[in-house]
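Notes follow once the structure below has been shown.
The values are calculated or read from the model by the stated rules, or taken from the named source; none is laboratory data. Bear in mind that the values here come from a model prediction, so they are computed numbers and not experimental data. Note that we place each Cβ from the backbone using ideal geometry, even for glycine, and neighbour counts take in every protein chain shown.
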Amino acid sequence: MKLRRSSILATCLPLLLGACAATAPPARVEAPVAAAWQAPLPHHGSLGDMARWWTQLGDPLLVELIEAAQAVSPGVAQAQSRIAQARATQAASRAALLPSLDGQASASRGFNEQILSVATTAQAGLQASWEIDLFGANRAAQAAADERLAGAQALWHEARVSVAAEVALQLSSLRSCLEQLSVAERDAQSRGETSRLADQSERAGFTAPAAAALARASAAEAQARTAQQRMLCDVDFKTLAALTGWQETALRARIATPVPPAPDALFTIAALPAQVLAQRPDVYNAEREVAAASADVGSAQAQRYPRLALSGSVGRAWVRTGGATMDLNTWSIGPLALTVPLFDGGRRAAQVDAAQARYDEAAALYRARVRQAVSEVEQALVRLHSTAERNASARAAALGYRASFDATEARWRGGLASLVELEDARRTLLAAENALVALRHERQAAWVALYRAAGGGWQVPQ
């Protein structure tokens, strides 16, 4: 009867253990997006590599600055450190699936009761142990480590994309600042000449003192505006030098090299939002974090079930006394130990609840990341389209106001226009020229934002 009960128990044990199999939540969650972009896409873009679009601008300084900034960026260094940490965690999780082997050795000298004599005893051995992963706790931990390593590698690419975008934006800001400084210097020179002529005319009695005072005030205002603009450019120089690790003197020397105008389009992006989101490293990392959190739930659930471990050892001992040596070899397989959790005060159940909560958080963050990514691309597309629409009008306005100012200045020199009219035309021209420079920077910034929002040309690893 006892043998029959034992046979029944041995037959039913695998079924009972199988009923305890851990069930993790789905490793993938849905984050629906629109079927098409709501903002217009840029046309006639180059199909070159988006990951290095700046090489198409004909600006070698930008290429060098981006490489220098990526080499010294703390964000890139931090991302590399996280990759190393994730790789170490992955190696540890894989090791948990394999048997462990420890070596032991000892030596002693003293009175041996078995041979009733002083003897030298030495022994050495190997101790092996292996936890049989019945319910996949260790396999789930390894899966979580694999997913987090993949996510960390994607974030390294995102860090490089962020640095490239920041450098491109800062250099564009500096060049725009220098253009506006040139506009301000020309304006100050023009106002200074007007003030000089007005002073001469006042001394000759042809210009009222109030008009001459207006010309002097206008010249002083232009000088103050130029000084302020120069200060802004100096700040941009120092910001870019700190970002790239370059010496400011070298940067000032290189920035004077003229560059060709930027093309109207730098690259294209996929027409389908889902294809663009698949190229976002941060979205990929959020997706991998969901999968890792799902594996964590499975691992926590498996900790509530029985654990089976097998151990074994091989050893050899030597006893030497009175010139004689005795050898002793030993080996063993076992015990095969089964540990069944009975009572832990709810600790394991709480760990499952915590893992489930982290999974829910990761799923919510993933969906939010997808929505944010779509919004960032849409906003960049809107800004890019807006700058394209305003470009022709801004150029026409600047040319028209230049012609108007030249005509007004000629009339003023001939005594047919007042100084007030001249200053009004000059003020309008200054605003139009500054607006044109700012629009070019805004368009460059929109391309940079689109490059960053589209993932920087990163591809999902196969």
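Residues in region 115-142 that are closer than 30 Å to GLY323 by Cβ and in contact with a strand residue (DSSP E or B) (Cβ under 8 Å, 6 or more places away or on another chain): ILE115, SER117, VAL118, ALA119, THR120, THR121, ALA122, GLN123, ALA124, GLY125, LEU126. Restricting attention to region 78-109, the residues that are of a type outside the set (S, T, N, Q), in contact with a helix residue (DSSP H, G or I) (Cβ under 8 Å, 6 or more places away or on another chain), in a helix (DSSP H, G or I) and within 21 Å of ILE132 (Cβ to Cβ) total 2. Does region 322-333 include one or more residues that are within 30 Å of ALA293 (Cβ to Cβ) and touching a residue at least 60 places away in the same chain (Cβ under 8 Å)? So far as region 322-333 goes, no, none of its residues is within 30 Å of ALA293 (Cβ to Cβ) and touching a residue at least 60 places away in the same chain (Cβ under 8 Å).
Filtering ALA224, ALA213, ALA184 for residues that are more than 43 Å from the chain's Cα centre (by Cα), of a type in the set (Gly, Ala, Ser) and farther than 28 Å from ALA449 by Cα leaves a single hit, ALA213.
When ALA198, ALA143, ALA210, ALA215 are checked against the criterion of being without any contact (Cβ under 8 Å) to a residue 40 or more places away in the chain, of a type in the set (A, V, I, L, M) and on the phi < 0 side of the Ramachandran plot, a single residue qualifies: ALA210. You will find that of GLN85, GLN180, the residue that is of a type in the set (S, T, N, Q), crowded, with 19+ Cβ neighbours inside 10 Å and more than 30 Å from GLY312 (Cα to Cα) is GLN180 and no other. When each of ASP146, ASP236 is tested for being assigned by TED's automatic domain parsing to the domain that holds ALA256 and of a type outside the set (Gly, Ala, Ser), the lone residue that passes is ASP146.
Being more than 27 Å from the chain's Cα centre (by Cα), aromatic (Phe, Trp, Tyr) and surrounded by 15 or more Cβ atoms within 10 Å (Cβ to Cβ) is a property that holds for PHE135.
For (1) closer than 30 Å to GLY125 by Cβ; (2) buried (at least 21 other Cβ atoms within 10 Å of the Cβ), each residue gets a yes or a no:
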| position | (1), (2) |
| --- | --- |
| PRO260 | no, no |
| LEU277 | no, yes |
| SER313 | yes, no |
| ARG316 | yes, no |
| GLY323 | yes, no |
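Set side by side, the residues LEU450, LEU430, LEU381 differ, and just one is in a helix (DSSP H, G or I), touching a residue at least 40 places away in the same chain (Cβ under 8 Å) and more than 30 Å from PRO281 (Cα to Cα), which is LEU430.
Residues are listed down the side, and each one gets a yes or a no for (1) surrounded by 14 or more Cβ atoms within 10 Å (Cβ to Cβ); (2) more than 30 Å from ALA417 (Cα to Cα):
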site: GLU193; (1), (2): no, no
site: ALA198; (1), (2): yes, no
site: ALA204; (1), (2): no, no
site: THR207; (1), (2): yes, no
site: GLN228; (1), (2): no, yes
site: LYS238; (1), (2): no, yes
site: ALA241; (1), (2): yes, yes
site: GLY245; (1), (2): no, yes
site: ALA253; (1), (2): no, yes
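So is GLN351 without any contact (Cβ under 8 Å) to a residue 24 or more places away in the chain, within 45 Å of the chain's Cα centre (by Cα) and either assigned to a helix (DSSP H, G or I) or surrounded by fewer than 11 Cβ atoms within 10 Å (Cβ to Cβ) (or both) or not? When the stated conditions are applied, GLN351 does not pass them. Residues of region 422-452 that are of a type in the set (A, V, I, L, M), over 30 Å from GLU409 (Cα atoms) and buried (at least 20 other Cβ atoms within 10 Å of the Cβ): ALA445, ALA446, VAL448, LEU450.
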